[in-house]
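A short reminder: the numbers here are calculations on the coordinates, not readings from a lab. This one's a predicted model, so the numbers in the text were calculated from it and none came from an experiment. FYI the Cβ positions are ideal-geometry reconstructions off the backbone, even for glycines, and counts take in every protein chain you see.
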Amino acid sequence: MPRPIDSDRLAFHRLVFARRRSGWWTPLAVGAVGIVFFLAMLLVVALAALLVALSSDDAARALNRVLETSDSLDVTNPLSLLVGLGAIALLLPAYLLASLLINGCRLGFASAVFGRLRWRWLIVCVGLAAAMAVVVAIVTSLLPAEQGGASLTPPGATLWLSLLVVILVVPVQAAAEEYIFRGYLMQSIGRWLRHPLFAILLPVPLFVIGHLYDPVGQAAVALFAIAAGWLTWRTGGLEAAIAVHIVNNLLAFVTGIVAGTDPSAADVGWVSFATSVLLLGGYCLAVEYVLRRRPIARTYGLPRTQLPPPIPMPTPTATVPLPGEPTPELTKP
């Protein structure tokens, strides 16, 4: 395995060097194979949905309703939520399988410098993000109501089912986005470029393109991407970014379901932008405070290569002269 030229201590964005294979081509191969796996999974799910639709008229009508609103998530339709969020969630197994196939063992380095996802640290970060979300909700309730955003019909009898889908699927969907944008992309860029700013900033435009909002909304998305990238590098893993992503998405979808508004509406007001800044800023400060009180591993130390033992020199042996040859004289030191 080639060793990085900068240091034997690897930050998160350089962890590809801790894997079995870390050639310059591996990020490209992981991306190509991951896309193939993702499309294959989508095909399997689509075929299964088609078989279910053919078996029942009610199922066919429900699937047709989802296809008619495929350009947005309908919070009044639990099936629409399941399909829309579940499709994104499939990115997670597709990427992990591709990374395991191309980079070999030590798949846990795709999550953190510890060699696996640090579940206790993830739970701590979820608590910090939830606390900040409560603070943001209290502050937002004191502000005047913001006009804008597409209003939908209240979910009625499907409210609890929609909430169940969101609670079960959103954590996987949010984690999948973090593994792609802060995991795969940061470590891919880190394979080629040493400085962490490249790994933090270069994936931001791709993350923004994936969220179709107005300029104010895209600015909020870019801010989120920068904060999540910094958190990933600062903490040495994806846990902090996953936690705030889960809480942010749960807050948006639960609020949308209860209030009957579209959480994916393109129009984002300045109040929403301000609350996003408050949530991210307060959360980053809270994470930094915890890190200073209880430091965690932020880098991975490559095991040093053992030098081969020295080759023993042959011991000189006395030369026995042949008959008729003069005896060699020994020189004094």
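Some notes on this structure:
- Using the Cβ of Glu239 as centre and a radius below 15 Å, the other residues enclosed give a net charge of +4, where K and R count +1 and D and E count -1.
- Size of segment 9-131 as Cα extents on the principal axes (Å, biggest first): 59, 40, 22
- With a Förster radius of 30 Å applied to the beta-carbon distance between Phe198 and Leu42, the computed FRET efficiency rounds to 0.45.
- Within the shell of other residues whose beta carbon sits under 12 angstrom from the beta carbon of Leu101, the net charge comes to +3, with Lys and Arg scored +1 and Asp and Glu -1.
- Extended-chain gain in nm, criterion 0.36 nm per residue less alpha-carbon gap, Arg65 and Leu291: 76.6 nm
- With K and R counted +1 and D and E -1, the other residues having a Cβ less than 9 Å from that of Leu291 yield a net charge of +4.
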